[in-house]
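Chemist: I'd like to ask some things about the structure below.
The values are calculated or read from the model by the stated rules, or taken from the named source; none is laboratory data. What you see is a predicted model; the values in this text were computed from it and never measured. All Cβ positions, glycine included, derive from the backbone under ideal geometry; neighbour counts span all protein chains shown. We work out accessible area using only protein heavy atoms, side chains counted, and drop any ligands, DNA or RNA first. Shrake-Rupley method; radii C 1.70, N 1.55, O 1.52, S 1.80 Å.
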Amino acid sequence: MRQAEIAQLLAGADDPGLFSAAEALTRENFAGKVYLRGVVEFSNHCRNNCRYCGLRAANQNVHRYRLGVPDILACAALARELSIGTIVVQSGDDFSYTADDIAQVIVGAKADSNVAVTLSLGDRTEAELAHWRSCGADRYLLKIETFDEALYAHCRPGLTVADRLTRLAALRRAGYEVGSGVITDLPGMTPDILAADLLKLADLDLDMIAVGPFVPHPDTPFGRERPGSILTAFRAMAILRLLAPLANIPSTSALNALRDGAREQGLTVGANVVMPSLTPETVSPDYAIYPGKNAFRAGARERVEAAREAVRRVGLTPSTAVGGSKRRHHG
Ligand code: SAM
Ligand code: SF4
């Protein structure tokens with residue numbers, strides 16, 4: 001698909017054709033199964049100042065927390081008990097956790113189960129990334145957010161697209177299944193930027209692609225900007241399914257933050273993954289990347305069951321499989 005055609009689809013040129021083609025391809029490739037990834041949001045400290053994110057260092061209105069390794073491992077044990085095939089260990093860019101701390105999490109989580117471990121820890125060093133892979137980490141999620149250099153610099157002060165791409169290449173070299181993605185409708189993102197971003201994501205030949213709409217957080221510089229369009233996010237997900245038929249594509253919680261029920265609808269336009277939070281109720285409301293994140297005030301068990309019910313509501317089957325990259329296993 002060329003950029004002009006993508007731009008037309010993003011503008012709504014053929015929603016019925018786009019969505020039904022993406023849904024059919026997803027069903028064909030994943031046999032109507034949806035993988036669950038349990039997210040353990042273990043620290044909301046961050047040294048960065050992304051203008052869109054509620055966890056940015058300059059936001060003084062965050063009640064900051066850190067979970068210790070045993071608490072993180074308790075979440076992994078819960079994942080096992082609930083038959084969830086993958087845990088996603090995520091935090092702000094919090095360098096107070098050493099390479100060894102994270103290694104303990106990886107080794108401990110995998111000690112007596114075949115759970116897959118995805119790391120989403122931001123811009124850690126290449127040596128750390130390689131070390132964690134050698135400890136058994138399976139996947140790493142590092143969203144590019146946008147490939148547009150000026151927009152990136154505006155959204156992520158002091159950081160560059162080139163640096164993020166270098167890290168994605170290091171992850172690939174280390175042997176991870178690599179995930180990336182963008183935020184749709186970031187303030188300043190034009191339709192042309194998004195169309196180019198989708199093509200570049202496809203060119204990266206990723207194992208996972210996460211696309212979520214921008215959700216304004218009042219305590220950030222982007223707090224008064226317009227929320228992203230759910231429809232644009234759906235179109236982006238569907239286009240990516242066509243461009244990357246075997247990639248694991250989650251239906252993100254940002255969708256549900258904008259409209260209750262949008263996450264399950266995302267499973268009908270190309271997504272094949274949902275990511276309920278396993279974060280303990282005592283701290284999960286403080287992982288407030290954007291309003292509505294973890295708004296479902298319930299324990300992790302209820303969140304997982306709600307995710308499974310959402311999958312069933314759209315006629316799909318929640319899978320307990322590890323859900324590794326089909327792109328890799330099929331060559
Ligand atoms: N600190 C790590 C990083 O930035 O890669 C991982 C945690 S970060 C909270 C996870 C993702 O949240 C980011 O990649 C970004 O896409 C998303 N995010 C943050 N603020 C957002 C917002 N206001 N709207 C939508 N997505 C947002
Ligand atoms: Fe930190 Fe990630 Fe939020 Fe940026 S998006 S402020 S790196 S937690």
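Chemist: Would you be able to say whether some residue in the stretch 286-297 is more than 16 Å from ligand 1 (Cβ to nearest atom), open to solvent by less than 50 Å² (accessible area, probe 1.4 Å) and in contact with a Leu (Cβ under 8 Å, 6 or more places away or on another chain)? Reasoning before the result, please.
Modeler: Quick first cut of the stretch 286-297, residues more than 16 Å from ligand 1 (Cβ to nearest atom) only: 296-297.
Checking the rest, the ones that are also open to solvent by less than 50 Å² (accessible area, probe 1.4 Å) come to none.
No, the stretch 286-297 has no match at all.
Chemist: Continuing with the same structure: Mind checking whether some residue in the stretch 194-202 is buried (at least 24 other Cβ atoms within 10 Å of the Cβ) and under 23 Å from E28 (Cβ atoms)?
Modeler: Yes, that holds for at least one residue.
Chemist: Being in contact (Cβ under 8 Å) with a residue 60 or more places away in the chain, of a type in the set (A, V, I, L, M, F, W, C) and in contact with a strand residue (DSSP E or B) (Cβ under 8 Å, 6 or more places away or on another chain) is the requirement here; does L129 meet it?
Modeler: no
Chemist: Can you give me the ranges of the helices (runs of 4 or more DSSP H) entirely in the stretch 1-84 with at least 1 residues that are among the small types (G, A, S) and under 30 Å from G315 (Cβ atoms)? Lay out the reasoning, then the answer.
Modeler: Values: elements: 3-10, 15-30, 69-81.
Counting at least 1 such residues, we get 15-30, 69-81.
Rundown of residues vs (1) within 14 Å of ligand 2 (Cβ to nearest atom); (2) touching a Lys or Arg at 6+ places or on another chain (Cβ under 6 Å); (3) of a type in the set (K, R), yes/no style:
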site	(1), (2), (3)
H154	yes, no, no
T160	yes, no, no
T166	no, no, no
L171	no, no, no
E177	no, yes, no
G181	yes, yes, no
T190	no, no, no
L194	no, no, no
L198	no, no, no
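Okay, residues lined up against (1) open to solvent by 60 Å² or more (accessible area, probe 1.4 Å); (2) more than 16 Å from ligand 2 (Cβ to nearest atom); (3) closer than 22 Å to P285 by Cβ; (4) among the β-branched types (V, I, T):
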site	(1), (2), (3), (4)
M1	yes, yes, no, no
A4	yes, yes, no, no
T26	no, yes, no, yes
T86	no, yes, no, yes
G92	no, no, yes, no
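Chemist: Here's a follow-up. Hey, among the residues in the stretch 203-217 that are within 16 Å of ligand 2 (Cβ to nearest atom) and touching a strand residue (DSSP E or B) at 6+ places or on another chain (Cβ under 7 Å), which one's nearest to N29 (Cα to Cα)?
Modeler: A210
Chemist: Which of the residues that make up the stretch 203-239 are surrounded by 23 or more Cβ atoms within 10 Å (Cβ to Cβ) and over 14 Å from I183 (Cβ atoms)?
Modeler: L206, D207, M208, F234, R235, A238, I239
Chemist: Also: For R156, only one of the following conditions fails: (1) open to solvent by 50 Å² or more (accessible area, probe 1.4 Å); (2) under 21 Å from D93 (Cβ atoms); (3) within 20 Å of the chain's Cα centre (by Cα). What is its number?
Modeler: R156 satisfies every listed condition except (1).
Chemist: Identify all residues within the stretch 131-151 that are out of contact with any helix residue (DSSP H, G or I) (no Cβ under 7 Å at 6 or more places or on another chain) and either closer than 14 Å to G181 by Cα or buried (at least 23 other Cβ atoms within 10 Å of the Cβ) (or both); write none if there are none. Even if it seems obvious, please write down each step before you answer.
Modeler: Narrowing the stretch 131-151 to residues out of contact with any helix residue (DSSP H, G or I) (no Cβ under 7 Å at 6 or more places or on another chain): 134, 138-139, 141, 143, 150.
R139, L141, K143, listed by residue number.
Chemist: Only residues that are within 16 Å of ligand 2 (Cβ to nearest atom) and touching a Ser or Thr at 6+ places or on another chain (Cβ under 6 Å): list them for the stretch 122-141, please.
Modeler: The one that is within 16 Å of ligand 2 (Cβ to nearest atom) and touching a Ser or Thr at 6+ places or on another chain (Cβ under 6 Å): L141.
Chemist: Restricting attention to the stretch 188-224, which residues are of a type outside the set (A, V, I, L, M) and free of Cβ contacts under 8 Å to residues at least 60 places away in the same chain?
Modeler: Within the stretch 188-224, G188, T190, D197, K200, D203, G212, P213, G223, R224 qualify.
Chemist: How about the stretch 253-282: which of its residues are open to solvent by 20 Å² or more (accessible area, probe 1.4 Å) and part of a loop (DSSP other than H, G, I, E, B)?
Modeler: Result: R259, D260, G261, T268, M275, P280, E281, T282.
Chemist: Follow-up. Taking the stretch 11-62, which residues are within 16 Å of ligand 1 (Cβ to nearest atom) and β-branched (V, I, T)?
Modeler: Within the stretch 11-62, V39, V40, V62 qualify.
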